[in-house]
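All remarks here apply to the structure that follows.
Where a number appears in this text, it was derived from the coordinates with a stated rule and is not lab data. This one's a predicted model, so the numbers in the text were calculated from it and none came from an experiment. Note that each Cβ is placed from the backbone with ideal geometry, even for glycine, and that neighbours are counted across all protein chains shown.
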């Protein structure tokens, strides 16, 4: 009896003005090559995260280096300097300082 677990990106969507990448991953469990079960997990990648430290903002580009080549290519294509700057401005205007 050999159990095998694999995870794959089976769906992604580009969402919103700032080109968030919503990723759905499917984890599949098989026994001796026969399907037993699957499970889905969603996560969202934003181009920039922003933190207010009480006196200034720190903006950090999202690190996609551990993503699949396909997801990296999509993010690098979509997340232009203009999109990142718009996201920084949006974050500053809409996040609580605290």
Just to be sure I understand the model, the point goes 7 Å from the Cα along the line to the Cβ. What's the resulting residue 66 to residue 40 distance in nm?
2.4 nm
Would you mind putting 21-27, 6-12 in packing order, based on average other-beta-carbon counts within 10 Å, highest first?
21-27, 6-12
Which label belongs to the value computed from this structure, given these candidates for volume of the Cα convex hull per residue in Å³: (i) 129; (ii) 95; (iii) 116?
(i)
Compute the acute angle (0 to 90°) between the alpha-carbon long axis of helix 69-78 and the principal axis of greatest extent of the alpha-carbon atoms of the chain; round to the nearest 10°.
20 degrees
For the chain, what is the calculated [θ] at 222 nm in deg cm²/dmol (nearest 500), taking -39500 (n - 2.57) for each run of four or more DSSP H residues and dividing by its residue count?
-7500 deg cm²/dmol
Cα long-axis angle, helix 81-94 against the chain (0 to 90 degrees, to the nearest 10):
70 degrees
Going highest first, how would you order 80-91, 50-61 by mean Cβ packing within 10 Å?
80-91, 50-61
Residue separation times 0.36 nm, minus the C-alpha to C-alpha distance between residue 78 and residue 9: what's the value?
23.0 nm
